[in-house]
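Have a look at the structure below, then the notes.
Read-outs: derived from the displayed coordinates by stated rules, not from any lab. The model shown is predicted, which means the values in this text are computed figures rather than measured ones. Glycine also receives a Cβ, built like all others from the backbone with ideal geometry; neighbour counts cover every protein chain displayed.
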Amino acid sequence: MPERIERDVVAIISFQAIDASNEEVLETAPTLAYLHGRDNIPASLEGVLEGLEAGASFDQTIAQAFGESTGQSQSIRKGDLPKHLRDRLRVNSSFVAEGGDGTKHVLWVTAMKGGRVTVTADHPFAGRDVRFQGNVVQLRVPSAAELQHGHAHGPGGHHH
């Protein structure tokens, strides 16, 4: 078992994300497994967790933890999206889209009306200072498949 959180270690954490300006709980995660150093969580949070051992706690406020808000969005026809996405889209859900140059972008759904979907590259918590309070539950060695895919898999394996 790994002793500390470092690149290519699967860290299982529990946490609350709290808006630092008004104490609104933005997210509660009883457990979240992520592959450290692979951009699965905000880099600023990875920096807080780097080097922590299993059982350690953390309590850190990060300015604009999810980046700045651009305020930019785009409306697209739902029919122009791949069929496998159309039925699972909800406001605040996300999906990965590939740009014309092959670059992958995470897009967030901000509105759905009629046959149109409004998306943005801004995370729903972009522009906010976020306080992360939590614990490192467990550390483990990633599987070969997790390393290849660049993220931790849930219980029972691969769940994309």
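Taking R0 as 41 Å, what FRET efficiency do you get between residue 89 and residue 57 from their Cβ-Cβ distance, rounded to the nearest 0.05?
On the way: r = 36 Å, r/R0 = 0.88.
Computed FRET efficiency for residue 89 and residue 57: 0.70.
From Cα pairs below 8 angstrom and at least 6 apart in sequence, can you work out the relative contact order of the chain, rounded to a whole percent? Working shown, then result.
Values: 319 pairs, mean separation 56.4, N = 160.
Computed value for the chain: 35 percent relative contact order.
Return the aspartates and glutamates within reach of residue 78: Cα separation strictly under 18 angstrom, same-chain partners fewer than 8 residues apart disregarded; answer none if there are no such residues.
87, 98
Label points 7 Å out from Cα along the Cβ direction at residue 44 and residue 106: separation in nm?
That separation, rounded to one decimal, is 1.4 nm.
What FRET efficiency comes out for residue 64 versus residue 27 if R0 is 25 angstrom and r is the Cβ-Cβ distance? Round to the nearest 0.05.
0.95
Could you give the radius of gyration (one decimal) and Dmax (whole number) of the Cα atoms in the chain, in Å?
Computed over the Cα atoms of the chain, radius of gyration and Dmax are 17.1, 52 Å.
Can you give the calculated 222 nm mean residue ellipticity of the chain, where each DSSP H run of n ≥ 4 adds -39,500 (n - 2.57) and the sum is split over every residue, rounded to the nearest 500 deg cm²/dmol?
On the way: 3 runs with 17 residues, N = 160.
It comes out at -2500 deg cm²/dmol, rounded to the nearest 500.
Can you list, bin by bin at 10 Å, the percent of alpha carbon pairs in the stretch 74-120, starting at 0?
Taking all Cα pairs of the stretch 74-120, the binned fractions are 27, 61, 11 percent.
Which of 136, 96, 109 moves most in a GNM of the chain, Cα contacts under 10 Å?
96
Longest segment of the chain with no trypsin sites (Lys or Arg not before Pro) in a DSSP loop having at most 11 other Cβ atoms within 10 Å?
Details: sites that count: 7, 88, 90.
With a cap of 11 other Cβ atoms within 10 Å, the longest stretch comes to 8-87.
If I model a spin label as a point 7 Å beyond the Cα along the Cα-Cβ vector, how far apart are those points for residue 144 and residue 113 in nm?
Each label point is offset 7 Å from its Cα along the Cβ direction, giving 5.2 nm.
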